[in-house]
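Engineer: Quick one: structure below, then a few questions.
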Amino acid sequence: MLCDIAWGIAGVEMAVDRGDVVVIVDTLSFSSAVVTALMQGVTMIPCAEREHADAIAEREDAHISVPRANTDEQNPFSLSPLSYLDATPGTHVVLVSPNGGACAEKASRVEHAYVGCLLNAQAVAEHIATVAAENDKDITVIAAGENSAHHNLPGEARLLFAIEDYLACGAILGAIMADYTAEAAVCTNAFMNSQEHLDHLLKNCIRGRQLIEDGYEADVNHCLQVNHYSCIPQIRGNVIVAHDAPEEIEQPVDDTSIQETVEEVDDMDKWPAELIALRDEALECMRCDLAETRTHVVFGEGNPRTKLMLIGEGPGDQEDKTGRPFVGRAGKLLDEALATAGIQRDDVWIGNVLKCRACVIEDGRAKNRPPRADEVKSCRPWLESQIKIIQPSVILCIGAPAANLIIHRNFKMTKERGQWFIDSPFAPNVMAALHPAYILRQHGEAYESSLQSLVDDLKVAWERSTEEPPAKPQLTLF
Ligand code: URA
């Protein structure tokens, strides 16, 4: 895992393109306001431009933040974190912020995006370190910067380097044990060497001086408290909520035509009776909340007499619609890799850690999300029973979530993919390969080489599955 620091919206865009875990840091306004508001049970909706705020507020039934100087009883919320201390839990606020808000809007395109500052540096650091390790991702912390009040340059040209953002980025990065880019290393050292002078630095940096001149010294005093809160704000679609807040999942759009698109699983007549019975039972599963939002249980399919089982993460949109594993974009790439490796899809068994789609509704659309630990736990017996019936000699875990379950927790795809593990309770030979969805996010040479690695791993796994098992020792009299 590599930790980096980047700057402004351009930095967010690069991090989003790489699929990093991203944290937006805007210390003296946006981030501290978000963290403080979430501590009071407020939901924040970031908005880069004031002219869009009315429409969002109407849609979300939310308040709109106003400039600090314009707050009154009707409009109590602003970029001042202190303006949230008396907020009623459950309130929604559209937080207008041209820097932090703009960065947060952009970061919402990535699966793991958070908001951090000095107030919650340790909490956010611990959480993103886990998320990055579990998902085999790098981390980019974004210093949002401050607008210069003194000239009228357009867009990012207006942005000033803000040391308070740099220092809070250092506070977050310094709490993570990982490799750092040169920029991240300098940033971390800057925080370590400045800890004793934070009060002086934040009150004398450009924005700090301005806030104090305008009468907001209490805001600065609030923002410079290190690790004051344990809140981890997560950007989920267009809102920012505490990361452990329940997902606001709505039923997927009721599309009655979907029923007709379900493809019957071929060759089920060749399945052993106990596998058919297991499938019938699994199709009725109500063990976790995903039962409420799924269209179909995706039990798994393939040759039940195979010695090679592929295990992915869980169904996506197309799988949910059809009831079949790996039939969407990632599935097409898996088919291509199997064909290149000289393996027929029908010759292996294809299953998943989760049998139902894990998704979150954002902007009215269902978006895949990683499986939660409780969902994996509830679903595990189905996979275990499948494995017990099929008895593969080789399991190839497709992606880190499967490897975390089948091989070991905190599996590191970059270091451990392609290695054989022979001590798994699930099968005598287990290995992990890159997930095709990950490969689809790569470009150019990285795409070619990661696809080749999947093909190579499939080939190796297939070869091992077709090897003769070692002969059982013969019982002889002498
Ligand atoms: N991704 C998976 O991990 N499994 C599927 O079935 C489809 C996409």
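FYI, it's all coordinate maths here, none of it is from the lab. Bear in mind the structure is a predicted one, so any value in this text is a computation, not a measurement. In this analysis, Cβ positions are derived from the backbone assuming ideal geometry, glycine residues included, and neighbour counts consider all displayed protein chains.
Engineer: What GluC sites (Glu not before Pro) in segment 6-52 are in a loop by DSSP, with at most 14 other Cβ atoms within 10 Å of the Cβ?
Structural biologist: Sparse-neighbourhood loop GluC sites (Glu not before Pro): Glu49.
Engineer: Using per-residue counts of other Cβ atoms within 10 Å, averaged over each peptide, order 206-215, 427-436, 377-386 from highest down.
Structural biologist: Result, highest mean Cβ count within 10 Å first: 427-436, 377-386, 206-215.
Engineer: Tell me the relative contact order for the chain as a rounded percent, counting alpha carbon contacts under 8 Å between residues six or more apart.
Structural biologist: 15
Engineer: What's the angle, to the nearest 10 degrees (0 to 90), between helix 373-390's Cα axis and the longest principal axis of the chain?
Structural biologist: Compared with the principal axis, the helix lies near 10 degrees.
Engineer: OK, next. Compare the peptides 137-147, 331-341, 20-30 by average per-residue count of other Cβ atoms within 10 angstrom and give them in order, highest first.
Structural biologist: By packing density, highest mean first, the sequence is 20-30, 137-147, 331-341.
Engineer: Here is a further query. If we count every other residue with Cβ under 13 angstrom of Val226's Cβ, Lys/Arg +1 and Asp/Glu -1, where does the sum land?
Structural biologist: -3
Engineer: HN-Hα J couplings of segment 125-136 from phi, Karplus 6.51/-1.76/1.60, θ = phi - 60°, integer Hz, Gly and Pro as x?
Structural biologist: Those phi angles translate into 4, 4, 5, 5, 5, 5, 4, 5, 5, 5, 9, 6 Hz.
Engineer: Taking 60 Å as R0, compute the FRET efficiency from the Cβ-Cβ separation of Arg372 and Asp199 and round it to 0.05.
Structural biologist: Approximately 0.90, to the nearest 0.05.
Engineer: For segment 257-466, what class follows from the C-alpha gyration tensor (a ≥ b ≥ c being the square roots of its eigenvalues): rounded when a/c is under 1.5, otherwise prolate if a/b is larger than b/c, else oblate?
Structural biologist: Rounded, because the longest to shortest axis ratio a/c is under 1.5.
Engineer: For n ≥ 4 DSSP H runs only, could you compute -39500 (n - 2.57) per run for the chain, divide by its residues and tell me the 222 nm figure to the nearest 500?
Structural biologist: -12000 deg cm²/dmol
Engineer: Mind checking the angle between helix 8-18 and the chain's longest principal axis? C-alpha axes, 0 to 90 degrees, to the nearest 10.
Structural biologist: Approximately 0 degrees, to the nearest ten.
Engineer: Please work out the FRET efficiency for the pair Asp269 and Thr130, using the Cβ-Cβ distance as r and a Förster radius of 30 Å; give the result to the nearest 0.05.
Structural biologist: Using R0 = 30 Å, I get an efficiency of 0.10.
Engineer: Here is a follow-up. Could you please report the charge total around Asp165, scoring K, R as +1 and D, E as -1 over all other residues with beta-carbon less than 11 angstrom from its beta-carbon?
Structural biologist: After counting each charged neighbour, the total is -2.
Engineer: Magnitude of the Cβ-charge dipole of segment 257-466, K/R +1 and D/E -1, about the Cα centre, nearest 20 debye?
Structural biologist: 700
Engineer: Further question on the same structure: Helix 163-173 versus the longest principal axis of the chain: what angle, 0 to 90°, nearest 10, using Cα atoms?
Structural biologist: Approximately 30 degrees, to the nearest ten.
Engineer: Per residue and in cubic angstrom, what volume does the convex hull of the Cα atoms of the chain have?
Structural biologist: 176
Engineer: Hey, with R₀ at 45 Å, roughly what FRET efficiency would Val226 and Ser385 work out to, going by the Cβ-Cβ distance, to 0.05?
Structural biologist: Once rounded, the FRET efficiency stands at 0.35.
Engineer: Separate question: Please list, ordered by chain and number, the residues whose modelled amide H lies under 5 Å from the amide H of Lys367; skip anything fewer than 5 residues away on the same chain.
Structural biologist: For Lys367, whose amide H was placed from the backbone, the distant partners under 5 Å are Val360, Ile361, Glu362.
Engineer: Taking square-rooted eigenvalues a ≥ b ≥ c of the alpha carbon gyration tensor, is segment 346-406 rounded, prolate or oblate, where a/c under 1.5 means rounded and, failing that, a/b exceeding b/c means prolate?
Structural biologist: prolate
Engineer: Only bridges whose two residues both fall in the chain count here: according to DSSP, what percent of them are antiparallel, nearest 5?
Structural biologist: Antiparallel bridges make up about 30 percent of those DSSP assigns within the chain.
Engineer: Can you pull out the trypsin sites (Lys or Arg not before Pro) in segment 66-118 whose DSSP state is coil and whose Cβ has at most 16 other Cβ atoms within 10 Å?
Structural biologist: Within segment 66-118, the qualifying trypsin sites (Lys or Arg not before Pro) (loop, at most 16 other Cβ atoms within 10 Å) are Arg109.
Engineer: If you stretched the chain out fully between Glu468 and Ser393, how much longer would it get, using 0.36 nm times the residue separation minus the C-alpha to C-alpha distance?
Structural biologist: Answer, rounded to one decimal: 26.0 nm.
Engineer: If you take every residue apart from Val131 with its C-beta less than 11 Å away from the C-beta of Val131, what net charge results, scoring Lys and Arg +1 and Asp and Glu -1?
Structural biologist: -4
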